[in-house]
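**Student:** Could you have a look at this structure, given as structure tokens, before my questions?
Values in this text are rule-based calculations from the coordinates and carry no lab data. It should be emphasised that the depicted structure is a prediction, and the values quoted were computed from it without experimental measurement. Note that each Cβ is placed from the backbone with ideal geometry, even for glycine, and that neighbours are counted across all protein chains shown.
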Amino acid sequence: MDLVDSGDSLYHCSFMKLAIQEANLALERLEVPVGCVIVKNEKVIASGSNRTNETRNATRHAEMVAIDSILQQWQRDGLSQVDIAKRFSECVLYVTCEPCIMCAAALSFIGVKEVYYGCPNDKFGGCGSILSLHSVISEHSNLADVKGFKCTGGIMASEAVSLFQTFYERGNPNAPNPHRAVVQP
């Protein structure tokens, strides 16, 4: 994992602020507050926030929601698989928390160019905290078309951690055995 250069920090923070807005939307829906945006040619082309509780689908992480959103649009536009792969290779993803193992693998499979994230994911991180799927999938995969991606962490990490603290201080109403009473926002 790299750290962002101070000269680039304002640029990257502008996109991370949008990802944090998405995370706030998740928090309002009583979801774990993770949000992301996908950027191509310095323009946001998709966004997402966690929807696992709402959909009762454990794969509806912010990254997967955003990927599905832009993928559906490109398919409606009639793009071929080759064109879609080329477009993903030009995309940068900003996400408030280090992608989990599932999302890091998915980002490698679709061939995203680069990922910037806020705070590390010490339990499930797929970009260095637990596994380094952003770099090792391409080295160890039998799939020739699986790519790794550049990954940079620590952008607005304190803001991302603050969202998690708010979520867990309130209590997780969707936890099977809540550790504390849920406080309504």
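**Student:** Putting +1 on Lys and Arg Cβ atoms and -1 on Asp and Glu Cβ atoms, find which of C97, L30, V65 reaches farthest to the positive end of the dipole of region 30-118.
**Tutor:** V65
**Student:** Also: So which lysines can K17 reach, going by Cα to Cα under 17 Å and dropping same-chain residues fewer than 8 places off?
**Tutor:** The reachable lysines, counting only those whose Cα sits under 17 Å from K17, are K40, K43.
**Student:** Would you grab the residues whose amide H sits under 5 Å from the one on T96? Only those 5+ places off in sequence or on another chain, please, with H modelled 1.01 Å from N.
**Tutor:** G35, G118
**Student:** Any idea how far apart A85 and S162 come out in nm if each label point goes 7 Å out from Cα toward Cβ?
**Tutor:** Result: 4.3 nm between the two label points.
**Student:** Would you please name the trypsin sites (Lys or Arg not before Pro) within region 42-96 that are DSSP coil residues with at most 10 other C-beta atoms within 10 Å of their C-beta?
**Tutor:** Qualifying residues, ordered by number: R56.
**Student:** Using each residue's phi in region 117-126, evaluate 6.51 cos²θ - 1.76 cosθ + 1.60 at θ = phi - 60° and report the 3J(HN,Hα) Karplus result to the nearest Hz, with x for Gly and Pro.
**Tutor:** My calculation for region 117-126 gives 9, x, 9, x, 10, 5, 9, 9, x, x Hz in order.
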